[in-house]
Amino acid sequence: MSSETLLSIVVPCYNEAAVLPETMKVLINRLKSLIQSGKISDRSFILLVDDGSADRTWQLIAEQAVTSSIIRGVKLSRNFGHQNALIAGIETVSDVADCVITIDADLQDDVRLMDVFVDKYHEGFDIVYGVRKRRDMDTFFKKHTASAFYKLMGKMGVRLIPDHADYRLISQRAVQELMRYQESNLFIRGIIPLLGFRTTVVYYDRQRRFAGESKYPLKKMIAFAADGITSFSVAPIKVVMGCGFMIVIAGIGIAVYALVSWLLGNTISGWTSLILSIWIVGGMQLMAIGVIGEYIGKIFTETKKRPRYSIETHTADQKK
Ligand code: UDP
Ligand code: MG
């Protein structure tokens with residue numbers, strides 16, 4: 001009955017050769033124990049998505065797929081980025097899987113939680129979020145920038161689950177809905193809460209990366225945050241408009257002051273005030289144009305409707 005549930009674990013991998021052997025071992029053991037407990041079908045499998053790695057990631061996946069049928073792989077034709085690699089994996093299993101668990105390749109997320117995810121699925125939940133209880137393992141900087149990010153997003157009206165990364169379970173029907181969101185700039189963490197359905201949250205402690213390096217250096221983190229904000233909220237444009245409005249009011253005030261002084265016979269001297277206002281207002285205008293440009297850029301990329309990823313090969317193609 002419940003063992004009819006086919007679970008797919010989807011793992012995006014970008015240059016993860018250093019951790020992958022251990023990750024596959026850990027995930028295979030977890031999946032096997034889930035199968036033995038009768039909670040999921042013995043046809044359940046792990047899908048590793050190679051996001052255009054430059055190291056031995058794909059060789060490792062392909063080799064493992066030959067020895068254990070529980071492992072499958074799909075290789076993207078180049079690096080499409082974490083979010084797209086995730087979507088590629090989810091779409092690949094969407095027809096067969098009753099539920100999908102997504103997890104990073106670096107073993108930072110507690111795999112034991114998968115049992116709880118599956119239990120929740122059987123209780124009737126469509127989306128189960130893994131949420132990090134503590135972030136001790138992250139650097140001081142990452143912890144604080146992340147929490148500022150969640151606060152800012154919240155203020156701008158974007159619903160995010162704080163401290164939830166991409167470790168979650170999604171049922172087949174939620175996956176089908178997710179696939180209807182066809183935007184090219186996909187920020188999955190922001191989309192999933194929009195899907196609705198019965199959802200719940202499970203807490204865990206996040207570990208240090210087992211091996212290898214974070215693929216999110218500061219520059220990428222900022223780009224990720226900016227993308228998240230401008231994909232979901234027009235608040236920045238409103239802020240810019242508000243600033244413009246205030247500057248106009250101030251300008252009118254200054255004009256009145258100047259007029260009154262002139263009528264009273266005082267000419268106002270002031271190179272400083274002149275140059276400051278030119279620079280400040282000029283800078284604000286450029287910033288405002290930048291913000292609007294960011295949105296126009298989004299429109300530009302979205303109208304092209306380019307595919308989010310391209311698959312080069314599957315492990316199944318290589319087995320004859
Ligand atoms: N990843 C990916 N494509 C990329 C960058 C990262 O598929 O372009 C994968 C990576 O292999 C890992 C996951 O996304 O499985 C999360 O990356 P990472 O652990 O480096 O991020 P962090 O945990 O440091 O935020
Ligand atoms: Mg990580």
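Laboratory data are not the source of any read-out in this text; all were calculated from the coordinates shown. What you see is a predicted model; the values in this text were computed from it and never measured. For neighbour counting, all protein chains shown are included, and Cβ atoms are generated from backbone atoms with ideal geometry for every residue, glycine included.
Choose one of Ile229, Ala17, Trp262: the residue whose Cα lies farthest towards the positive end of the charge dipole of the chain (beta-carbon charges +1 Lys, Arg; -1 Asp, Glu; about the Cα centre). Selected residue: Trp262.
Taking amide H positions as modeled 1.01 Å from N, with prolines and chain starts lacking one, the residues under 5 Å from Leu6 and 5 or more places away or on another chain are Ser41, Asp98, Cys99. Scalar couplings 3J(HN,Hα) for the stretch 282-288, obtained by applying the Karplus form with A = 6.51, B = -1.76, C = 1.60 to θ = phi - 60°, are x, x, 5, 5, 4, 4, 4 Hz; x denotes Gly and Pro.
Dividing the convex hull volume of the alpha carbon atoms of the stretch 1-121 by its residue count gives 93 Å³ per residue. Ranking Tyr129, Val66, Phe117 by Cα position along the charge dipole of the stretch 65-195, where only Lys, Arg, Asp and Glu carry charges on their C-beta atoms, puts Tyr129 farthest toward the positive end.
With contacts taken as Cα pairs under 8 Å and at least 6 residues apart, the stretch 71-179 reaches a relative contact order of 40 percent.
Tell me, in nm to one decimal, what length is gained between Gln207 and Tyr295 on full extension, where the rule is 0.36 nm per residue of separation less the Cα-Cα distance?
28.0 nm
For the stretch 46-58, putting each phi into the Karplus relation 6.51 cos²θ - 1.76 cosθ + 1.60 with θ = phi - 60° gives couplings of 10, 10, 9, 9, 8, 8, x, 5, 9, 9, 7, 3, 5 Hz, in residue order, rounded to whole numbers and with x for Gly and Pro.
No solvent, one uniform scatterer per C-alpha: report log10 I(q)/I(0) for the stretch 18-78 via the Debye equation at q = 0.19, 0.22, 0.25, 0.30 1/Å, two decimals. Debye intensities relative to I(0), on a log10 scale: -0.69, -0.86, -1.03, -1.30. Consider a paramagnetic label point 7 Å from the Cα of Arg78 along Cα→Cβ; state which residues of the stretch 34-72 have an amide N under 17 Å from it. Output list for this probe position: 50-55.
Sites count as exposed loop sites when they are GluC sites (Glu not before Pro), lie in a DSSP loop, and have at most 13 other Cβ atoms within 10 angstrom; the longest stretch of the chain without one is 1-182. Placing dummy labels 7 Å off each Cα toward the beta-carbon, the span from Ser310 to Val96 is 2.5 nm.
Each residue in Phe187, Phe245, Phe197 was given a count of other beta-carbon atoms within 10 angstrom of its own, and listing them fewest first yields Phe245, Phe197, Phe187. Cβ-to-Cβ counts within 10 Å put Ile311, Ile101 in ascending order as Ile311, Ile101, the fewest first. One chain, two ends: Ser214 and Leu264. Fully extended at 0.36 nm per residue, the span grows by 11.3 nm beyond their Cα-Cα distance.
In this structure the amide hydrogen of Asp55, modeled in the peptide plane, comes within under 5 Å of the amide hydrogens of Asn15, none closer than 5 places in sequence on its chain.
When the trypsin sites (Lys or Arg not before Pro) in the stretch 189-227 are filtered for DSSP coil states and for at most 13 other beta-carbon atoms within 10 Å of their beta-carbon, the remaining sites are Arg198, Arg208.
Here the 3J(HN,Hα) profile of the stretch 161-169, calculated from phi with Karplus coefficients 6.51, -1.76 and 1.60 at θ = phi - 60°, is 8, x, 6, 9, 9, 9, 9, 7, 10 Hz, Gly and Pro shown as x.
Across the chain, the mean sequence separation of Cα contacts (distance under 8 Å, 6 or more residues apart), normalised by length, yields a relative contact order of 22 percent. Under 10 Å, Cα contacts only: if you run a Gaussian network model on the chain, which one of Asn84, Asn266, Asn185 comes out with the highest mean-square fluctuation? Result: Asn266 has the largest fluctuation of those listed. What you get for the chain, charging only the Cβ of Lys and Arg (+1) and of Asp and Glu (-1), is a dipole of about 400 debye around the Cα centre. Note on the stretch 116-241: the C-alpha convex hull projects to 9.0 nm² when averaged across all orientations.
Evaluated on the chain, the Kirkwood hydrodynamic radius is 22.3 Å, with distances taken between all distinct Cα atoms. Find the percent of Cα-Cα distances in the stretch 176-320 that exceed 23 Å, and round it to a whole number. Tail of the P(r) past 23 Å holds 65 percent of the pairs. Within the chain, antiparallel bridges make up roughly 35 percent of the DSSP beta bridges whose residues both belong there. For every other residue with a beta carbon closer than 12 angstrom to the beta carbon of Asp227, add +1 if it is Lys or Arg and -1 if Asp or Glu, then tell me the sum. Net charge in that neighbourhood comes out at +1.
Normalising the average separation of contacting C-alpha pairs (under 8 angstrom, six or more residues apart) by the number of residues puts the relative contact order of the stretch 4-136 at 34 percent.
Each label was represented as a point 7 Å from its Cα along the Cα-to-Cβ direction; for Met246 and Thr272 these points are 2.2 nm apart. Once you list every other residue whose beta carbon is under 10 Å from the beta carbon of Leu60, what net charge do they have if Lys and Arg are +1 and Asp and Glu are -1? Taking every Cβ under 10 Å from that of Leu60, the sum is -3.
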